[in-house]
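J.: The structure under discussion is supplied below as structure tokens; questions concerning it will follow.
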Amino acid sequence: MDSSPRICRRRFPLVTRASWIVLTFVALGYAGFIYQAGSPYAAGADSSGYLNSARLLTLGRLTEAARTIPGLDPPEWDYFYHQPLGYVVKPRTVLMAPIYPVGLPLHYFVASLAVGLEKTARVVNAFNVLAAGLLLYALGCQLGLARSWALSGTALLWACPVWIYHSLQPLSDCVATTWTLAAVVFALRSTTQPRWALAAGAAFAVAVLVRPTSILALAPIALALGRPGRSWLLFALGGLPGAVCWGWYNFQVYGGVLNSGYTQGGQDLWSAFGAQFVSVNLRHFATWIPRLLSWPVVISAIVGLPWLLRHHGRIAWLLLLWVAAFVGFYISYFCAGETWGYLRFLLPAFPAVILAALLAGQRAAEYLKGDARYGVPIALLAVCLGLQVSLARDLAVTDVRQGERNYWLAAHWLDAHVPSDAILLSMQLSGTIMFYNTQPLVRWDQIDRTAFEVLQRTAARQHRALYAPLFAFEKSRLQERLGGEWTAVGHAGDVTIWQPAVIAAPKATP
């Protein structure tokens, strides 16, 4: 039996012209929901990091100076104390660079040319979910799914709680998933039309620019390209501009073609991986992947694997390599098993699980007779989608904007009530302050009591006030670290703004 991928042209009775019109409105409605419910705010480390990087691009810059305080300089003081979340201070300078890869900020920069920086994250995410759905449908057809089954794959991805949750934030995982899908789709198309390998290479390069671990998809993409030859050369040529961009950016910002924000400041990236994390992560993956994709999907993928290997070997190995590459890499990552949200690291491999399940399901449905051939799959799809929607509701994935808005409220309170020369002590809000505010900031979690006393004396000498905008979990930690008496002077959402006890300005030396 021919196991090569093929474009499916079979029709399904329910997929009529009217159905396509309805499905188009459903897709636009889903994208509209992602836009309306999405968070546009520069909030925690990730979202503020990406948006701050995009802000720099709109200013025509790659780095910026830390907001330092006159009179506080090395060796008595460390510029690292001014480093917001999402940034890294370049050694022995006051310059800071975004930690995160430049791929997603480039998306935001391009979108900002049309809609402005405030709306860019939501616009990119809305277009991204549409592109991902279309590409997953196209890939399903290429692998032999009937159109209705391929459409089911799009529905299962769109209903996945971890997909929804991260499509509502300025994060890179869903965008990387879409570009990975594009690379696989184009690579498969190149087996009959080699010029598509150029597009596959370009899509793969963008995926790596967005999230460097997208390089894990190279194995299934290579299998999709087929035997080494012209397609491989075209793939390399297509990816060359992206590779040059990646190397140039790293060299300009981090001082080396292979450097990144994750390896600056003497950090050892590989220390985050270890065999001691495997058992915890394995249990976490085994528990949450079936819940996020629904148990029938995962069971179908596993049970149908032997049949896929026997009858469609190339397709089976492509999907297996796709999943194994990402699971195998993140199985030893220290935080991958901490919470369901960290399954976002595996999002680029979720389409492969979905497609394996649907290929097996389509084959099983062929043994059904009469209306059961259509009724049973539709009922199972409804069950799967129901499980996903129910879990999404339990996890409150659509409440993300409400939570992230607290960062924006705090930034605007500071803008309205705090003098421009005030000094802000911040940790969780530091990236937000860098995006929305202009006051200098000091990371309270990086200084000790001695440094804090130096800061207080300097502020008193310069007649500058100190403010600390804190979430509830930060207050006790700040108190324990810095000591002293603190007074609440304002509230903004879930953030309380505190001030330390005022100390007298040091007397001038005669």
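J.: Of the conditions (1) under 20 Å from S214 (Cβ atoms); (2) in contact with a strand residue (DSSP E or B) (Cβ under 9 Å, 6 or more places away or on another chain), V129 clears all except one; give me its number.
T.: For V129, the exception is condition (2).
J.: Just to check your reading of the model, which residue among I497, I447 is buried (at least 19 other Cβ atoms within 10 Å of the Cβ) and in contact with a Pro (Cβ under 7 Å, 6 or more places away or on another chain)? Before the answer, list the steps.
T.: Numbers: I447 fails: in contact with a Pro (Cβ under 7 Å, 6 or more places away or on another chain).
Unique residue meeting the criteria: I497.
J.: Would you pick out the residues in the range 109-136 that are surrounded by fewer than 24 Cβ atoms within 10 Å (Cβ to Cβ) and hydroxyl-bearing (S, T, Y)?
T.: Scanning the range 109-136 gives a single hit, S112.
J.: Please find, within the range 383-440, the residue that is nearest to L292 (Cα to Cα) out of those that are in contact (Cβ under 8 Å) with a residue 60 or more places away in the chain and among the charged types (D, E, K, R).
T.: Top of the filtered list is R401.
J.: A further question on this structure: Look through F235, F186, F204 and report the one residue that is under 22 Å from the mean Cα position of the chain (by Cα), among the aromatic types (F, W, Y) and either outside any helix (DSSP H, G or I) or surrounded by 23 or more Cβ atoms within 10 Å (Cβ to Cβ) (or both). If you could, list the steps in order and put the result at the bottom.
T.: Details: F235 fails: under 22 Å from the mean Cα position of the chain (by Cα); F186 fails: under 22 Å from the mean Cα position of the chain (by Cα).
The match here is F204.
Table: residues versus (1) touching a Leu at 6+ places or on another chain (Cβ under 7 Å); (2) assigned by TED's automatic domain parsing to the domain that holds A66; (3) closer than 24 Å to R55 by Cβ.
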position	(1), (2), (3)
M427	no, yes, yes
T432	no, yes, yes
V442	yes, yes, yes
Q446	no, yes, yes
A451	no, yes, no
A465	no, yes, no
S476	no, yes, no
L482	no, yes, no
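J.: Give the residue, chosen from L51, L106, L85, that is outside any loop (DSSP other than H, G, I, E, B) and either closer than 30 Å to F452 by Cβ or at pLDDT below 95 (or both).
T.: Values: L106 fails: either closer than 30 Å to F452 by Cβ or at pLDDT below 95 (or both); L85 fails: outside any loop (DSSP other than H, G, I, E, B).
Among L51, L106, L85, only L51 is outside any loop (DSSP other than H, G, I, E, B) and either closer than 30 Å to F452 by Cβ or at pLDDT below 95 (or both).
J.: Within the group L309, L368, L305, which residue is over 16 Å from L181 (Cα atoms), in the same structural domain as S148 (by TED's automatic domain parsing), out of contact with any strand residue (DSSP E or B) (no Cβ under 8 Å at 6 or more places or on another chain) and touching a residue at least 24 places away in the same chain (Cβ under 8 Å)? Write out each step before concluding.
T.: Values: L309 fails: touching a residue at least 24 places away in the same chain (Cβ under 8 Å); L368 fails: touching a residue at least 24 places away in the same chain (Cβ under 8 Å).
Matching residue, one of L309, L368, L305: L305.
J.: For residues that are among the charged types (D, E, K, R) and farther than 15 Å from V184 by Cβ, scanning just the range 290-334, find the one that is modelled with the highest pLDDT. Working first, answer last.
T.: Of the range 290-334, the ones among the charged types (D, E, K, R) are 291, 310, 314.
Those still in the list that are farther than 15 Å from V184 by Cβ too: 291, 310.
Values: R291: 97, R310: 93.
Restricting to residues being among the charged types (D, E, K, R) and farther than 15 Å from V184 by Cβ, the top hit is R291.
J.: I'd like the full set of residues that are closer than 19 Å to R189 by Cβ and of a type in the set (F, W, Y), limited to the range 119-170.
T.: Residue satisfying the conditions is Y137 alone.
J.: Return the residue satisfying two criteria in turn: it lies in the range 271-320 and is out of contact with any Cys (no Cβ under 9 Å at 6 or more places or on another chain) and not in a helix (DSSP H, G or I), and of such residues it is surrounded by the most Cβ atoms within 10 Å (Cβ to Cβ).
T.: Among residues in the range 271-320 that are out of contact with any Cys (no Cβ under 9 Å at 6 or more places or on another chain) and not in a helix (DSSP H, G or I), the one surrounded by the most Cβ atoms within 10 Å (Cβ to Cβ) is H312.
Per-residue answers, yes or no, for (1) over 17 Å from the mean Cα position of the chain (by Cα); (2) assigned to a helix (DSSP H, G or I):
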position: P74; (1), (2): yes, no
position: W77; (1), (2): yes, no
position: Y100; (1), (2): no, no
position: S112; (1), (2): yes, yes
position: E118; (1), (2): yes, no
position: V124; (1), (2): no, yes
position: N128; (1), (2): no, yes
position: C141; (1), (2): yes, yes
position: L151; (1), (2): yes, yes
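J.: Then there is this: Take the residues in the range 154-190 that are of a type in the set (V, I, T) and touching a Pro at 6+ places or on another chain (Cβ under 6 Å), then tell me which one is farthest from P290 (Cα to Cα). Please lay out each step first, then the result.
T.: Quick first cut of the range 154-190, residues of a type in the set (V, I, T) only: 154, 162, 164, 175, 177-178, 180, 184-185.
Now narrow it down to the ones that are touching a Pro at 6+ places or on another chain (Cβ under 6 Å): 177, 180.
Working: T177: 19, T180: 22 Å.
It comes out as T180.
J.: Mind counting the residues in the range 250-270 that are part of a helix (DSSP H, G or I), modelled with pLDDT of 85 or more and not hydrophobic (A, V, I, L, M, F, W, C)?
T.: In the first step, residues of the range 250-270 are kept if they are part of a helix (DSSP H, G or I); the result is 250-254, 261-266, 269-270.
Next cut, modelled with pLDDT of 85 or more only: 250-254.
With not hydrophobic (A, V, I, L, M, F, W, C) added as a condition, the list becomes 250, 252, 254.
Qualifying residue count, the range 250-270: 3.
J.: If you check F452 against the conditions, is it modelled with pLDDT of 95 or more and farther than 22 Å from D421 by Cα?
T.: Answer is no for this residue.
J.: Something else about it: Which members of the range 88-98 meet the condition of being surrounded by fewer than 18 Cβ atoms within 10 Å (Cβ to Cβ) and not in a loop (DSSP other than H, G, I, E, B)?
T.: L95
J.: Hey, another quick one. Spot the failing condition for A243; the list is (1) surrounded by 16 or more Cβ atoms within 10 Å (Cβ to Cβ); (2) of a type outside the set (D, E); (3) touching a helix residue (DSSP H, G or I) at 6+ places or on another chain (Cβ under 8 Å); (4) free of Cβ contacts under 8 Å to residues at least 24 places away in the same chain, and only one is missed.
T.: Going through (1) surrounded by 16 or more Cβ atoms within 10 Å (Cβ to Cβ); (2) of a type outside the set (D, E); (3) touching a helix residue (DSSP H, G or I) at 6+ places or on another chain (Cβ under 8 Å); (4) free of Cβ contacts under 8 Å to residues at least 24 places away in the same chain one by one, A243 breaks only (4).
J.: Considering only the range 267-277, I want to know if a residue exists there that is in contact with a Leu (Cβ under 9 Å, 6 or more places away or on another chain), hydroxyl-bearing (S, T, Y), farther than 30 Å from R227 by Cβ and assigned by TED's automatic domain parsing to the domain that holds A382.
T.: Restricting attention to the range 267-277, the residues satisfying the condition of being in contact with a Leu (Cβ under 9 Å, 6 or more places away or on another chain) are none.
No, the range 267-277 contains no residue that is in contact with a Leu (Cβ under 9 Å, 6 or more places away or on another chain), hydroxyl-bearing (S, T, Y), farther than 30 Å from R227 by Cβ and assigned by TED's automatic domain parsing to the domain that holds A382.
J.: Any residue in the range 211-230 that's on the phi > 0 side of the Ramachandran plot: show its pairings with residues that are buried (at least 16 other Cβ atoms within 10 Å of the Cβ) and not in a helix (DSSP H, G or I) at Cβ separation under 7 Å, as long as the two are six or more apart or on different chains.
T.: Cβ pairs passing all conditions: G226/T191.
J.: Kindly list the number of the only condition in (1) outside the structural domain of Y30 (by TED's automatic domain parsing); (2) not in a loop (DSSP other than H, G, I, E, B); (3) not β-branched (V, I, T) that fails for D421.
T.: Single failed check for D421: (2).
J.: Go through the range 221-232 and count every residue that is part of a helix (DSSP H, G or I) and of a type outside the set (V, I, T).
T.: Total meeting the criteria: 7.
J.: On the given criteria, is F80 closer than 21 Å to A205 by Cβ and among the aromatic types (F, W, Y)? It would help to see each step written out before you state the result.
T.: Numbers: closer than 21 Å to A205 by Cβ: no; among the aromatic types (F, W, Y): yes.
No; evaluated as a whole, the condition is false for this residue.
Okay, residues lined up against (1) among the aliphatic types (A, V, I, L, M); (2) surrounded by fewer than 21 Cβ atoms within 10 Å (Cβ to Cβ); (3) under 30 Å from D494 (Cα atoms); (4) at pLDDT below 95:
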| site | (1), (2), (3), (4) |
| --- | --- |
| Y367 | no, yes, no, yes |
| I378 | yes, yes, no, yes |
| L385 | yes, yes, no, no |
| R405 | no, yes, yes, no |
| L409 | yes, yes, yes, no |
| W413 | no, yes, yes, no |
| A416 | yes, yes, yes, no |
| L425 | yes, no, yes, no |
| S430 | no, no, yes, no |
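The values are calculated or read from the model by the stated rules, or taken from the named source; none is laboratory data. Quick caveat: nothing in here was measured; it's all calculated off a predicted structure. When we count neighbours, we look across all protein chains shown, and the Cβ atoms used for this are built from the backbone with ideal geometry, even at glycine.
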